[in-house]
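Visitor: Can you keep this structure in mind? I'll have questions shortly.
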Amino acid sequence: MVSIRKAAVAGSWYPATAKQLASMLDEQLAKTDEADELAGDVVALIAPHAGLRYSGPVAAHAYRVLRDRSFDVAILVGPSHFIGFEGVALYGSGGFDTPFGVVRVDEATADRFLVESSVVHADTIAHAREHSLEMQLPFLRYLAPELRIVPLLIGRQTAETAEALASAIVGVTSGTRTLLIASTDLSHYNDAATARRLDEVVIDCVGRFDADGLQRALDRRPEHACGGGAAVAIMRAARGLGATSASVLSYADSGDVSGDKSSVVGYLAAAIGRFHAS
(Lines give C-alpha, C1' and ligand atoms only; values in the text may rest on other atoms or scores of the structure.)
Protein backbone atom coordinates (compact mmCIF):
# COMPACT_ATOMS: atom_id res chain seq x y z
CA MET A 1 0.00 0.00 0.00
CA VAL A 2 1.31 3.44 -0.94
CA SER A 3 1.87 5.65 2.11
CA ILE A 4 0.32 9.10 1.65
CA ARG A 5 0.89 11.46 4.55
CA LYS A 6 -2.29 13.47 5.11
CA ALA A 7 -2.00 17.23 5.37
CA ALA A 8 -2.01 18.14 9.07
CA VAL A 9 -2.60 21.90 8.93
CA ALA A 10 -4.51 22.48 5.67
CA GLY A 11 -7.58 24.53 6.43
CA SER A 12 -5.96 26.18 9.44
CA TRP A 13 -2.41 27.25 8.60
CA TYR A 14 -3.18 27.61 4.89
CA PRO A 15 -6.28 27.28 2.68
CA ALA A 16 -7.57 23.75 2.15
CA THR A 17 -8.77 24.27 -1.44
CA ALA A 18 -6.51 24.60 -4.47
CA LYS A 19 -8.31 27.72 -5.71
CA GLN A 20 -8.00 29.62 -2.43
CA LEU A 21 -4.42 28.48 -1.87
CA ALA A 22 -3.35 29.50 -5.38
CA SER A 23 -4.93 32.92 -4.89
CA MET A 24 -3.00 33.46 -1.65
CA LEU A 25 0.29 32.30 -3.16
CA ASP A 26 -0.18 34.50 -6.23
CA GLU A 27 -0.82 37.50 -4.00
CA GLN A 28 2.29 36.85 -1.92
CA LEU A 29 4.52 36.16 -4.91
CA ALA A 30 3.29 39.31 -6.65
CA LYS A 31 4.57 41.40 -3.75
CA THR A 32 8.14 40.12 -3.96
CA ASP A 33 10.81 42.35 -5.39
CA GLU A 34 12.43 41.79 -8.77
CA ALA A 35 15.70 42.43 -6.96
CA ASP A 36 15.31 38.89 -5.60
CA GLU A 37 16.28 37.57 -9.04
CA LEU A 38 19.63 35.81 -8.68
CA ALA A 39 22.07 35.25 -11.51
CA GLY A 40 23.66 31.83 -11.15
CA ASP A 41 22.90 28.42 -9.73
CA VAL A 42 20.68 27.99 -6.67
CA VAL A 43 21.71 25.11 -4.43
CA ALA A 44 19.66 25.76 -1.30
CA LEU A 45 16.88 27.83 0.22
CA ILE A 46 16.11 28.82 3.79
CA ALA A 47 12.42 29.52 4.40
CA PRO A 48 10.06 29.89 7.39
CA HIS A 49 7.26 27.55 8.41
CA ALA A 50 4.58 29.49 10.28
CA GLY A 51 1.01 29.94 9.08
CA LEU A 52 0.96 31.11 5.47
CA ARG A 53 -0.69 34.41 6.36
CA TYR A 54 2.25 35.30 8.59
CA SER A 55 5.36 33.72 7.06
CA GLY A 56 4.19 33.33 3.47
CA PRO A 57 5.14 36.90 2.46
CA VAL A 58 8.72 36.12 3.49
CA ALA A 59 8.81 32.56 2.13
CA ALA A 60 7.63 33.88 -1.24
CA HIS A 61 10.95 35.72 -1.63
CA ALA A 62 12.78 32.40 -1.39
CA TYR A 63 10.48 30.33 -3.56
CA ARG A 64 10.21 32.81 -6.40
CA VAL A 65 13.80 31.90 -7.34
CA LEU A 66 12.46 28.51 -8.53
CA ARG A 67 10.96 30.18 -11.58
CA ASP A 68 12.91 29.23 -14.70
CA ARG A 69 15.02 26.72 -12.75
CA SER A 70 14.68 22.94 -12.65
CA PHE A 71 15.90 20.29 -10.23
CA ASP A 72 15.93 16.51 -10.00
CA VAL A 73 14.86 16.32 -6.36
CA ALA A 74 14.31 18.55 -3.32
CA ILE A 75 15.76 17.58 0.06
CA LEU A 76 13.60 19.11 2.83
CA VAL A 77 15.08 19.43 6.32
CA GLY A 78 13.17 20.82 9.29
CA PRO A 79 12.84 20.52 13.05
CA SER A 80 10.53 18.16 14.90
CA HIS A 81 8.22 20.23 17.11
CA PHE A 82 6.21 17.42 18.73
CA ILE A 83 8.43 14.34 19.11
CA GLY A 84 11.94 14.24 20.55
CA PHE A 85 14.39 11.69 19.16
CA GLU A 86 18.02 11.23 18.25
CA GLY A 87 19.11 11.60 14.66
CA VAL A 88 17.00 12.32 11.60
CA ALA A 89 13.58 10.88 10.72
CA LEU A 90 13.01 10.04 7.05
CA TYR A 91 9.61 9.68 5.37
CA GLY A 92 10.88 7.38 2.66
CA SER A 93 8.00 6.38 0.39
CA GLY A 94 4.67 7.46 -1.02
CA GLY A 95 4.04 11.16 -0.75
CA PHE A 96 2.58 14.16 1.10
CA ASP A 97 -0.94 15.28 0.25
CA THR A 98 -1.63 18.96 -0.49
CA PRO A 99 -4.58 20.92 -1.92
CA PHE A 100 -2.72 20.82 -5.25
CA GLY A 101 -2.30 17.05 -5.17
CA VAL A 102 0.28 14.64 -3.79
CA VAL A 103 3.93 15.63 -3.66
CA ARG A 104 5.75 12.38 -4.34
CA VAL A 105 8.72 11.14 -2.36
CA ASP A 106 11.80 10.27 -4.42
CA GLU A 107 12.07 6.77 -3.02
CA ALA A 108 15.37 5.86 -4.69
CA THR A 109 17.09 8.92 -3.21
CA ALA A 110 15.44 8.31 0.17
CA ASP A 111 16.74 4.75 0.22
CA ARG A 112 20.27 5.99 -0.38
CA PHE A 113 20.09 8.09 2.79
CA LEU A 114 19.48 4.94 4.83
CA VAL A 115 22.56 3.38 3.29
CA GLU A 116 24.73 6.50 3.44
CA SER A 117 24.32 7.44 7.10
CA SER A 118 23.46 5.81 10.40
CA VAL A 119 22.06 9.14 11.64
CA VAL A 120 19.07 8.85 9.26
CA HIS A 121 16.33 6.35 10.10
CA ALA A 122 12.91 5.59 8.63
CA ASP A 123 10.12 7.03 10.80
CA THR A 124 6.72 8.07 9.45
CA ILE A 125 5.24 8.72 12.91
CA ALA A 126 7.47 11.74 13.54
CA HIS A 127 6.07 13.32 10.36
CA ALA A 128 2.36 12.78 11.08
CA ARG A 129 1.60 16.08 12.89
CA GLU A 130 4.72 18.04 11.94
CA HIS A 131 4.20 21.32 10.08
CA SER A 132 7.79 22.41 9.45
CA LEU A 133 8.05 20.52 6.15
CA GLU A 134 4.36 20.68 5.27
CA MET A 135 4.54 24.48 5.18
CA GLN A 136 7.11 24.29 2.37
CA LEU A 137 4.85 22.25 0.14
CA PRO A 138 2.29 24.84 -1.01
CA PHE A 139 4.96 26.97 -2.69
CA LEU A 140 6.98 23.97 -3.84
CA ARG A 141 4.04 22.12 -5.41
CA TYR A 142 2.70 25.32 -6.97
CA LEU A 143 5.96 26.45 -8.58
CA ALA A 144 7.58 23.06 -9.30
CA PRO A 145 4.65 20.62 -9.54
CA GLU A 146 6.65 17.63 -10.77
CA LEU A 147 9.50 17.93 -8.28
CA ARG A 148 9.88 14.98 -5.93
CA ILE A 149 11.03 15.35 -2.35
CA VAL A 150 12.99 13.64 0.40
CA PRO A 151 11.47 14.73 3.76
CA LEU A 152 13.89 14.75 6.73
CA LEU A 153 13.12 15.85 10.30
CA ILE A 154 15.85 16.52 12.84
CA GLY A 155 15.02 15.43 16.37
CA ARG A 156 17.50 16.81 18.91
CA GLN A 157 19.37 19.46 16.97
CA THR A 158 22.93 18.77 18.01
CA ALA A 159 25.98 19.99 16.16
CA GLU A 160 26.98 16.38 15.57
CA THR A 161 23.65 15.52 13.96
CA ALA A 162 23.77 18.59 11.71
CA GLU A 163 27.28 17.70 10.55
CA ALA A 164 26.43 14.04 9.97
CA LEU A 165 23.30 14.95 8.01
CA ALA A 166 25.23 17.43 5.86
CA SER A 167 27.76 14.72 5.01
CA ALA A 168 24.97 12.32 4.11
CA ILE A 169 23.30 14.89 1.85
CA VAL A 170 26.55 15.51 -0.02
CA GLY A 171 27.22 11.80 -0.38
CA VAL A 172 23.74 11.05 -1.68
CA THR A 173 23.22 14.02 -4.01
CA SER A 174 26.63 14.82 -5.53
CA GLY A 175 26.36 15.00 -9.31
CA THR A 176 22.61 15.63 -9.34
CA ARG A 177 20.53 18.79 -9.70
CA THR A 178 19.33 18.85 -6.12
CA LEU A 179 17.56 21.67 -4.28
CA LEU A 180 18.19 21.76 -0.54
CA ILE A 181 15.55 23.44 1.66
CA ALA A 182 15.99 24.32 5.33
CA SER A 183 12.79 25.08 7.22
CA THR A 184 13.22 27.39 10.20
CA ASP A 185 11.56 30.27 11.97
CA LEU A 186 13.76 32.59 14.01
CA SER A 187 13.25 33.86 17.57
CA HIS A 188 9.88 33.40 19.29
CA TYR A 189 7.64 35.61 21.44
CA ASN A 190 9.91 38.56 22.18
CA ASP A 191 9.02 42.17 21.49
CA ALA A 192 9.98 43.19 17.97
CA ALA A 193 13.13 45.11 18.97
CA THR A 194 14.47 42.17 21.01
CA ALA A 195 13.54 39.77 18.25
CA ARG A 196 15.43 41.82 15.71
CA ARG A 197 18.58 41.76 17.86
CA LEU A 198 18.39 37.99 18.21
CA ASP A 199 17.49 37.45 14.58
CA GLU A 200 20.29 39.66 13.28
CA VAL A 201 22.76 37.07 14.55
CA VAL A 202 21.23 34.42 12.29
CA ILE A 203 20.82 36.85 9.40
CA ASP A 204 24.49 37.83 9.65
CA CYS A 205 25.73 34.23 9.71
CA VAL A 206 23.52 33.23 6.78
CA GLY A 207 24.49 36.30 4.77
CA ARG A 208 28.18 35.53 5.28
CA PHE A 209 27.51 31.84 4.51
CA ASP A 210 29.06 30.98 7.86
CA ALA A 211 27.68 27.66 9.09
CA ASP A 212 30.32 27.43 11.83
CA GLY A 213 29.36 30.86 13.14
CA LEU A 214 25.69 29.95 13.14
CA GLN A 215 26.38 26.73 15.02
CA ARG A 216 28.38 28.62 17.65
CA ALA A 217 25.54 31.12 18.05
CA LEU A 218 23.01 28.29 18.47
CA ASP A 219 25.26 26.54 20.98
CA ARG A 220 25.18 29.70 23.09
CA ARG A 221 21.50 30.53 22.58
CA PRO A 222 19.34 27.90 20.86
CA GLU A 223 16.40 30.33 20.89
CA HIS A 224 17.92 32.17 17.92
CA ALA A 225 16.00 29.76 15.65
CA CYS A 226 13.67 26.82 16.15
CA GLY A 227 15.13 25.02 13.13
CA GLY A 228 18.69 26.24 13.49
CA GLY A 229 20.09 22.74 13.15
CA ALA A 230 18.32 22.36 9.82
CA ALA A 231 19.84 25.62 8.59
CA VAL A 232 23.33 24.58 9.69
CA ALA A 233 23.01 21.18 8.02
CA ILE A 234 21.78 22.68 4.76
CA MET A 235 24.47 25.37 4.75
CA ARG A 236 27.19 22.77 5.31
CA ALA A 237 25.76 20.50 2.63
CA ALA A 238 25.42 23.37 0.16
CA ARG A 239 29.09 24.21 0.68
CA GLY A 240 29.98 20.59 0.05
CA LEU A 241 27.96 20.66 -3.18
CA GLY A 242 29.83 23.68 -4.50
CA ALA A 243 27.87 26.67 -3.24
CA THR A 244 30.04 29.73 -2.71
CA SER A 245 27.75 32.47 -1.42
CA ALA A 246 24.42 33.27 0.20
CA SER A 247 21.86 36.01 -0.31
CA VAL A 248 19.43 37.13 2.39
CA LEU A 249 16.22 37.89 0.50
CA SER A 250 13.73 38.98 3.15
CA TYR A 251 13.19 39.37 6.88
CA ALA A 252 10.01 40.20 8.78
CA ASP A 253 8.20 39.29 11.96
CA SER A 254 4.65 38.19 12.69
CA GLY A 255 3.78 41.65 13.99
CA ASP A 256 4.11 43.01 10.47
CA VAL A 257 0.89 41.09 9.72
CA SER A 258 -0.88 40.98 13.08
CA GLY A 259 0.01 44.53 14.16
CA ASP A 260 1.09 43.20 17.58
CA LYS A 261 4.76 44.03 18.07
CA SER A 262 4.82 43.01 21.74
CA SER A 263 5.32 39.29 21.04
CA VAL A 264 6.55 38.23 17.62
CA VAL A 265 8.13 35.39 15.66
CA GLY A 266 10.92 36.20 13.22
CA TYR A 267 11.01 34.95 9.62
CA LEU A 268 13.93 34.74 7.17
CA ALA A 269 14.21 33.90 3.48
CA ALA A 270 17.60 33.24 1.90
CA ALA A 271 19.16 31.52 -1.10
CA ILE A 272 22.53 29.80 -1.29
CA GLY A 273 24.38 28.91 -4.44
CA ARG A 274 26.92 29.99 -7.01
CA PHE A 275 25.91 33.53 -7.82
CA HIS A 276 27.47 36.20 -10.02
CA ALA A 277 26.68 39.77 -10.95
CA SER A 278 23.81 39.96 -13.42
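Visitor: Among Gln20, Ala44, Ala10, pick out the residue whose Cα is farthest towards the positive end of the charge dipole of region 1-45, where Lys and Arg carry +1 and Asp and Glu carry -1 on C-beta, about the Cα centre.
Guide: Ala10
Visitor: Relative contact order for region 1-130: what is it in percent, counting Cα pairs under 8 Å that are at least 6 residues apart?
Guide: The value is 31 percent.
Visitor: For the chain, which whole-number percentage of the solvent-accessible area (1.4 Å probe, protein heavy atoms only) is attributable to carbon and sulfur atoms?
Guide: Roughly 49 percent of what the probe reaches on the chain is carbon or sulfur.
Visitor: Where does each of Arg67, Arg216 land when they are ordered by accessible area, with a 1.4 Å probe and the largest first?
Guide: Sorted by accessible area, descending: Arg216, Arg67.
Visitor: Under unit Cβ charges (Lys, Arg +1; Asp, Glu -1), what dipole magnitude, rounded to 20 debye, does region 81-235 have relative to its Cα centre?
Guide: 180 debye
Visitor: In the chain, with Lys and Arg counted as +1 and Asp and Glu as -1 at Cβ, which of these residues, Gly229, Thr109, Gly266, has the Cα nearest the positive end of the dipole, that is, farthest along it?
Guide: With unit charges placed on the Cβ atoms, the residue in question is Thr109.
Visitor: Relative contact order of the chain: what whole-number percent is it, with Cα pairs under 8 angstrom and at least 6 residues apart?
Guide: 27 percent
Visitor: Hey, what D do you get for the chain in µm²/s if you plug the Kirkwood alpha-carbon radius into Stokes-Einstein at 4 °C and 1.567 mPa s?
Guide: For these conditions, the coefficient is 71 µm²/s.
Visitor: Using +1 at the C-beta of Lys and Arg and -1 at the C-beta of Asp and Glu, which of Tyr251, Ala164, Ile83 has the Cα lying farthest in the positive direction of the dipole of the chain?
Guide: Ile83
Visitor: Also, I was wondering about something else. Considering the chain as a Gaussian network with a 10 Å cut-off on Cα pairs, which listed residue, Ala126, Ala233, Ala44, attains the greatest mean-square fluctuation?
Guide: Ala126
Visitor: To the nearest 20 Debye, how big is the dipole of region 143-257 about its Cα centre, given +1 on the beta carbon of each Lys and Arg and -1 on that of each Asp and Glu?
Guide: Dipole of region 143-257, to the nearest 20 debye: 360 debye.
Visitor: About the Cα centre of region 17-109, what is the dipole size in debye to 20, counting +1 per Lys and Arg Cβ and -1 per Asp and Glu Cβ, all else neutral?
Guide: 320 debye
Visitor: Only Cα pairs under 8 Å and at least 6 apart count here; give the relative contact order of region 186-246 as a rounded whole percent.
Guide: Here the relative contact order equals 37 percent.
Visitor: What accessible area per residue, rounded to a whole number of Å², is obtained for the chain using a probe radius of 1.4 Å?
Guide: Dividing the accessible area of the chain by its residue count gives 41 Å².
Visitor: Order Arg5, Arg141, most accessible first, counting only protein heavy atoms with a 1.4 angstrom probe.
Guide: Final ranking, largest accessible area leading: Arg141, Arg5.
Visitor: Using θ = phi - 60° and the Karplus relation 6.51 cos²θ - 1.76 cosθ + 1.60, list the HN-Hα couplings for region 61-70 in order, rounded to whole Hz, with x at every Gly or Pro.
Guide: Listing the rounded values in order: 5, 6, 6, 5, 5, 6, 4, 6, 10, 10 Hz.
The values are calculated or read from the model by the stated rules, or taken from the named source; none is laboratory data. Predicted model only: the values in this text are computed from it and were never measured. Quick reminder, even Gly has a Cβ in these numbers, built from the backbone with ideal geometry, and neighbours come from all protein chains shown. For the accessible areas, the whole protein counts, side chains as well, though only heavy atoms, and no ligand, DNA or RNA atoms are used. Shrake-Rupley method; radii C 1.70, N 1.55, O 1.52, S 1.80 Å.
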